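**Q** Structure provided below as structure tokens; questions to follow.
The values are calculated or read from the model by the stated rules, or taken from the named source; none is laboratory data. Fair warning: this is a prediction, and the values are worked out from it, not measured in the lab. Every residue, glycine as well, gets a Cβ built from its backbone with ideal geometry; the counts of neighbours run over all protein chains shown. We work out accessible area using only protein heavy atoms, side chains counted, and drop any ligands, DNA or RNA first. Shrake-Rupley method; radii C 1.70, N 1.55, O 1.52, S 1.80 Å.
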Amino acid sequence: MKKLNKTMIKTLGVVAIVAAVGFIGATNSVEAKTLKANKKYSINIDGKKGKEKIQIKSKKMKNSNFDKFILYINGKKVSQKVGYEVFCNVIDINKKKAGKELVFFGIGNSSVIDKKAGIYTYKKGKLNRILKLYNYDKEMKFFRIYPSYNKNISTDGKGKVTITYDTPSEVGIGCYITKVQFVYKKGKLVRTTKNEVEFIESSKTYQYELNEDVTVYQNPSQTSGVKAVLKKDSKLRILKVRYDVIKDKITDDNRDNACYNVYAYVKADNGTTGWIAIKEYDYKSKQNQFKVYAEWC
């Protein structure tokens, strides 16, 4: 085999160095969907030419068990969150339009997200929040997104976002998990899921046991036809709930119990299906409608 000349050796050396530098750069600055603290990323999120340099730096807080997580884009601080850990995800709500969105929040006690949690666009060097993930409104409350977070905030790429929330409304049945949908309109994500929510499969498997006789209706109304009567000690599963809200009488003190005419669509162990009226959930009372409640999903 012929020996390589010095020029060729030098050339190969330069190529090797360039390749090595490129490899190192790729490991330190990459395109990703889930962004971790203290790593560097290059992602086009504003839709313009070129990629933004993104990094989340963590910092220990004095006299606190929480950390501070500071988001930098192109070297500029654009947001910060506080919690035991941070979640940051890149999603593409509308694939037909240039740019992507960032989901960004801190996670605190009992997986509760921070009050400034949100989904953001990045335009002209600034983050713009298009959805408050931690929020109260007249129909639902949002304070905990069911883990794992990267699987429970999703989009169809056509303007729709689905978030799996933990108990978005207290409806007298304890804890449950359901999917809430939003649609992107005029620069904001608007909730389209209203006062009827279907449970995810894990919540549908929870078994309730009646503490009293309960009438089963054809529709979510006590004026609809009666299908059956489930006796005390009957076992059932709840598949979805429907509720109305006294919108003009909600205050910060009664918000969790401001629902009325709450109905659950159930499937009993004897095969009976239909709607039952749900009474107010009283943690202290021994006269609740069910013997046991789902306290943690």
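**Q** If you go through region 236-274 one residue at a time, how many are surrounded by fewer than 14 Cβ atoms within 10 Å (Cβ to Cβ), at pLDDT 90 or above and not polar (S, T, N, Q)?
**A** Result for region 236-274: 2.
**Q** Here's a follow-up. Could you please give the count of residues in region 106-154 that are farther than 21 Å from T193 by Cα and polar (S, T, N, Q)?
**A** Within region 106-154, the first condition is being farther than 21 Å from T193 by Cα, and the residues that meet it are 106-112, 114-116, 121-128, 148.
Pick out the ones that are also polar (S, T, N, Q) and you get 109-111, 121, 128, 148.
Residues meeting the conditions: 6.
**Q** Let me ask something additional. Of all strands (runs of 3 or more DSSP E) completely enclosed by region 139-209, which ones contain at least 1 residues that are more than 24 Å from G106 (Cα to Cα) and open to solvent by 10 Å² or more (accessible area, probe 1.4 Å)? Step through it out loud before you land on a result.
**A** Values: elements: 153-155, 160-166, 177-185, 188-191, 196-198, 207-209.
Once the strands (runs of 3 or more DSSP E) in region 139-209 are filtered for at least 1 residues that are more than 24 Å from G106 (Cα to Cα) and open to solvent by 10 Å² or more (accessible area, probe 1.4 Å), what remains is 177-185, 196-198, 207-209.
**Q** If you check T223 against the conditions, is it among the hydroxyl-bearing types (S, T, Y), part of a loop (DSSP other than H, G, I, E, B), in contact with a strand residue (DSSP E or B) (Cβ under 9 Å, 6 or more places away or on another chain) and open to solvent by 10 Å² or more (accessible area, probe 1.4 Å)?
**A** So T223 passes the test.
**Q** Would you confirm whether or not region 99-113 contains a residue that is farther than 22 Å from F69 by Cβ and of a type outside the set (A, V, I, L, M)? So that I can check it myself, show each step before the final result.
**A** First pass over region 99-113, keeping only residues farther than 22 Å from F69 by Cβ: 99.
Pick out the ones that are also of a type outside the set (A, V, I, L, M) and you get 99.
Looking for residues that are farther than 22 Å from F69 by Cβ and of a type outside the set (A, V, I, L, M), one finds at least one in region 99-113, hence yes.
**Q** Related question: Can you work out which of the residues in region 275-293 that are farther than 21 Å from K179 by Cα and open to solvent by less than 60 Å² (accessible area, probe 1.4 Å) is modelled with the highest pLDDT? Full working, then the answer.
**A** The first filter runs over region 275-293 and keeps only residues farther than 21 Å from K179 by Cα, leaving 276-277, 279-292.
Retained after the next criterion (residues that are open to solvent by less than 60 Å² (accessible area, probe 1.4 Å)): 276-277, 281, 285, 288-290.
Working: I276: 97, A277: 94, Y281: 71, S285: 67, N288: 86, Q289: 92, F290: 93.
Among them, the one singled out is I276.
**Q** Select from region 120-138 the residues that are among the aliphatic types (A, V, I, L, M) and either in a strand (DSSP E or B) or open to solvent by 30 Å² or more (accessible area, probe 1.4 Å) (or both) and list them in ascending order. Working first, answer last.
**A** Going through region 120-138, the residues among the aliphatic types (A, V, I, L, M) turn out to be 127, 130-131, 133.
Residues satisfying the conditions are L127, I130, L131.
**Q** Now a separate question. Would you mind listing the strands (runs of 3 or more DSSP E) fully within region 59-112 where at least 3 residues are within 26 Å of G159 (Cα to Cα), out of contact with any strand residue (DSSP E or B) (no Cβ under 6 Å at 6 or more places or on another chain) and open to solvent by 50 Å² or more (accessible area, probe 1.4 Å)? Before you say what the answer is, go through the steps one by one.
**A** Values: elements: 67-73, 76-83, 85-91, 101-107.
Passing ranges: none, list empty.
**Q** Tell me the residue from S42, S29 that is over 15 Å from F104 (Cβ atoms), modelled with pLDDT under 95, of a type in the set (G, A, S) and in contact with a strand residue (DSSP E or B) (Cβ under 7 Å, 6 or more places away or on another chain), please. Outline the logic, then answer.
**A** Working: S42 fails: modelled with pLDDT under 95.
It is S29.
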